[in-house]
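Asks: Quick one: this structure, given as C-alpha cells, is what I'll be asking you about.
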Amino acid sequence: MSNSDLPLAGIDAEGLDRLSCNAKEDPTTGRKTLKATTVCESGFRNLTYVRDLSPVLVGEPPALLGDDSAPNPSEMVLAALGSCISVGLLANATHRNVRLDKIEVEMEGDIDISAVWGVGDIPEDKVAGFSDIRVKVTLAADASDEVLQEIHDNAIVWSPVVNTMRRPVRLDSTLTIG
C-alpha cells in the first residue's frame, strides 16, 4: 500500500509539545466542535465539505446502485479509523523521540447491509452498522518491540475515532423543509 522507497515524514515535535503542554495546563483547549456538510450531487454521489478544503466524494459501488466513483460511507468510516490511528501512532512515536520508517493500518469490518437503508430487511431487533472491525498495524522503526507496542497501545487507547466506535454517542437529527 505504501511506497517504502520514500522516507516517512515526521511532525513538528516542538509543536506537539506545545499542544501537549497547553492541554495539560487547560484541558478545555481540547474541546472543539467539528463541522462537515454533505450535499447530494446526484444519485448516491455525495460531496462532503470540511473547513475550506476540497470536497470529499462519497458514493456507493454498483452492487449498491452507485457508480463506483468513490468509497462508500462505511468504507469512509474505516478510512477515518485508520487515519486517526495513524496520526496517534506518529504523535506517540514523536513524543518518545522514535522515528517511524513505516506506518500502515489495515482495517476490515463485518457489516450487515440487508436493511437496505431502511427499505429492506428491517425487523425491530436488527442492529445496523459494523458488528466487528479488525485492525492490523504495521510499524517499522529503529526501536525495540516493547517501545513500538507501547506506542501502538497508547495510540489505540487515546484515538478519538476508536473511542467514538467503542462507546455510545449522543446523536440528534432535525429536519428542515425547504
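Asks: Taking the condition part of a strand (DSSP E or B) and crowded, with 17+ Cβ neighbours inside 10 Å, does Val105 pass?
Replies: For Val105, the condition - part of a strand (DSSP E or B) and crowded, with 17+ Cβ neighbours inside 10 Å - is met.
Asks: Right, next: List the residue pairs whose Cβ atoms are under 8 Å apart, where the first residue sits in segment 117-132 and is outside any loop (DSSP other than H, G, I, E, B), the second is of a type in the set (D, E, K, R), and the two are 6 or more positions apart or on different chains.
Replies: Pairs that qualify, where the first residue is outside any loop (DSSP other than H, G, I, E, B) and the partner is of a type in the set (D, E, K, R), are Phe130/Asp110; Ser131/Asp110; Ser131/Asp112; Asp132/Asp110.
Asks: Next question, about the same structure. State whether one or more residues within segment 114-137 are open to solvent by less than 70 Å² (accessible area, probe 1.4 Å), at pLDDT below 95 and either in contact with a Pro (Cβ under 7 Å, 6 or more places away or on another chain) or among the polar types (S, T, N, Q) (or both).
Replies: Yes, segment 114-137 contains at least one residue that is open to solvent by less than 70 Å² (accessible area, probe 1.4 Å), at pLDDT below 95 and either in contact with a Pro (Cβ under 7 Å, 6 or more places away or on another chain) or among the polar types (S, T, N, Q) (or both).
Asks: Counting just the residues of segment 8-45 that are assigned to a loop (DSSP other than H, G, I, E, B) and open to solvent by 100 Å² or more (accessible area, probe 1.4 Å), which one comes out farthest from Gly59 (Cα to Cα)?
Replies: Arg31
Asks: Sticking with this structure for a sec: Across segment 159-178, what is the number of residues that are hydrophobic (A, V, I, L, M, F, W, C) and open to solvent by 100 Å² or more (accessible area, probe 1.4 Å)?
Replies: 3
Asks: Which numbered condition in (1) more than 20 Å from the chain's Cα centre (by Cα); (2) hydrophobic (A, V, I, L, M, F, W, C); (3) modelled with pLDDT of 95 or more is the only one that Val105 fails?
Replies: Only one criterion in (1) more than 20 Å from the chain's Cα centre (by Cα); (2) hydrophobic (A, V, I, L, M, F, W, C); (3) modelled with pLDDT of 95 or more is unmet by Val105, namely (1).
Asks: Shifting gears a bit: Under the condition of being over 17 Å from the mean Cα position of the chain (by Cα) and within 27 Å of Val137 (Cα to Cα), which residue from segment 60-91 is surrounded by the fewest Cβ atoms within 10 Å (Cβ to Cβ)?
Replies: Here the residue is Pro61.
Asks: Considering only segment 148-156, I want to know if a residue exists there that is of a type outside the set (Gly, Ala, Ser), in a helix (DSSP H, G or I) and open to solvent by 90 Å² or more (accessible area, probe 1.4 Å).
Replies: The answer is yes, given that some residue of segment 148-156 is of a type outside the set (Gly, Ala, Ser), in a helix (DSSP H, G or I) and open to solvent by 90 Å² or more (accessible area, probe 1.4 Å).
Asks: Asp110 passes all but one of (1) at pLDDT below 95; (2) closer than 29 Å to Leu47 by Cα; (3) over 16 Å from the mean Cα position of the chain (by Cα); which number fails?
Replies: Going through the list (1) at pLDDT below 95; (2) closer than 29 Å to Leu47 by Cα; (3) over 16 Å from the mean Cα position of the chain (by Cα), Asp110 breaks only (1).
Asks: Could you check, for segment 75-85, whether at least one of its residues is in contact with a Ser or Thr (Cβ under 7 Å, 6 or more places away or on another chain) and in contact (Cβ under 8 Å) with a residue 12 or more places away in the chain?
Replies: Yes; the residues of segment 75-85 include at least one that is in contact with a Ser or Thr (Cβ under 7 Å, 6 or more places away or on another chain) and in contact (Cβ under 8 Å) with a residue 12 or more places away in the chain.
Asks: Residues Lys102, Lys136, Lys126: which one is basic (Lys, Arg) and touching a Ser or Thr at 6+ places or on another chain (Cβ under 7 Å)?
Replies: Lys102
The values are calculated or read from the model by the stated rules, or taken from the named source; none is laboratory data. If you're wondering where the values come from, they're calculated on a predicted model, not measured in any experiment. Ideal geometry is used to build each Cβ from the backbone, glycine not excepted, and the neighbour counts take in all protein chains shown. For accessibility, only protein heavy atoms count, side chains too; no ligands or nucleic acids. Shrake-Rupley method; radii C 1.70, N 1.55, O 1.52, S 1.80 Å.
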